[in-house]
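**Student:** My questions all concern the structure below.
The values are calculated or read from the model by the stated rules, or taken from the named source; none is laboratory data. None of the values given here were measured: they were computed from a predicted structure. Quick reminder, even Gly has a Cβ in these numbers, built from the backbone with ideal geometry, and neighbours come from all protein chains shown. Keep in mind that these areas ignore ligands, DNA and RNA; they rest on the heavy atoms of the full protein, side chains included. Shrake-Rupley method; radii C 1.70, N 1.55, O 1.52, S 1.80 Å.
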Amino acid sequence: MGSNDSALLIVAHGSTVNPDSSAPTLAHAAEIRRRKILADVECAFWKEEPSLRDALFLFDPESIRQVYVVPNFISEGYFTQTVVPRELELSGRTTKRSNGQIWRYCEPVGNHPLMTELLLNRARDVAPDVDPAETSLLIVAHGTDLNENSAVAAKREVEKIRSLGKYAAVLNVYMEESPLVSDWRKLAKTHNVVVVPFFISDGLHSYEDIPGLLGIANGSSRTGLGAASGEVFRRNPYKIDDRSLFYARSIGTDPGFADIIIEQALSAKS
């Protein structure tokens, strides 16, 4: 990956209602830009500006000969397989533009093996003083047929973490299908419970929906719990039924995602 004539484009979903949705992607881009390993680093979004279509014109073909496109998505799915290739006019893993630019379409961040390590680090950081052998780790995904592949990715990570034998139990739970995150009291048998949302960004799901399903939302409404405050993450641990529940930020806010994005681009260079 030549640094002088190569650029990185990080593509993400974005949101028309939640400005925090794009914040992690922009932060990862800023960190990669700071490292000066590529000539240019830009972002484009499906639901925000700059749009995916705008991205076609972000890089000067005279100076940028290669563009690495990394989807900041948890898994392969409709957006990575249909929307992004369509909007960016990609013909496959490698696309040669009429202006001579080569665009290389990389794997989504959620497919990277480092994801397991980031989940373990996030769980440890949110509950540093608990013994994993006396703790249940719950990975929360969305669920439903619309997000089938994200559920597959979450199951893969749970199986990998479970095989390490660190935690008393490692479970998949979902917002909209069984096993439900709202049933965590029945599903987790241990005194300590750590919950990590398997999402790219902190939004209404992690600020309000999941806390509501966990029973830790303190009656906040869809607009009551200020997204900017992140108050729900600062109240750990929650004492419920003589148990301690620790609630983490979405995994996609982890600074380690910058490393994963770079790795996904490097793996597509040949």
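**Student:** What number of residues within the range 185-206 are in a helix (DSSP H, G or I), without any contact (Cβ under 8 Å) to a residue 60 or more places away in the chain and under 16 Å from TYR247 (Cβ atoms)?
**Tutor:** Looking only at that region, the number is 3.
**Student:** For the range 141-166: of the residues being open to solvent by less than 30 Å² (accessible area, probe 1.4 Å) and at pLDDT 95 or above, which is farthest from ARG243 (Cα to Cα)?
**Tutor:** The selected residue is GLU157.
**Student:** Ok, one more. Suppose we keep only residues that are outside any loop (DSSP other than H, G, I, E, B) and either small (Gly, Ala, Ser) or modelled with pLDDT under 95 (or both) within the range 58-82. Which one would you say is farthest from THR95 (Cα to Cα)?
**Tutor:** Applying the first criterion (outside any loop (DSSP other than H, G, I, E, B)) to the range 58-82 yields 66-71, 78-82.
Restricting the remaining residues to those that are either small (Gly, Ala, Ser) or modelled with pLDDT under 95 (or both) gives 78-82.
Numbers: TYR78: 20, PHE79: 18, THR80: 15, GLN81: 15, THR82: 15 Å.
Per the stated criteria, the residue is TYR78.
**Student:** Could you please tell me which pairs satisfy a Cβ distance under 9 Å, a separation of 6+ or placement on different chains, a first residue in the range 74-101 that is open to solvent by 80 Å² or more (accessible area, probe 1.4 Å), and a second residue that is of a type in the set (Val, Ile, Thr)?
**Tutor:** GLU89/THR95; LYS96/ILE102
**Student:** Does ASP40 count as surrounded by 15 or more Cβ atoms within 10 Å (Cβ to Cβ), acidic (Asp, Glu), more than 20 Å from the chain's Cα centre (by Cα) and at pLDDT 95 or above?
**Tutor:** Spelling it out, ASP40 is indeed surrounded by 15 or more Cβ atoms within 10 Å (Cβ to Cβ), acidic (Asp, Glu), more than 20 Å from the chain's Cα centre (by Cα) and at pLDDT 95 or above.
**Student:** Go through the range 45-60 and give me each residue that's in contact with a strand residue (DSSP E or B) (Cβ under 7 Å, 6 or more places away or on another chain) and free of Cβ contacts under 8 Å to residues at least 40 places away in the same chain. Full working, then the answer.
**Tutor:** Pass one, the range 45-60, residues in contact with a strand residue (DSSP E or B) (Cβ under 7 Å, 6 or more places away or on another chain): 45, 50-52, 54-55, 58-59.
Within the range 45-60, PHE45, PRO50, SER51, ASP54 meet the criteria.
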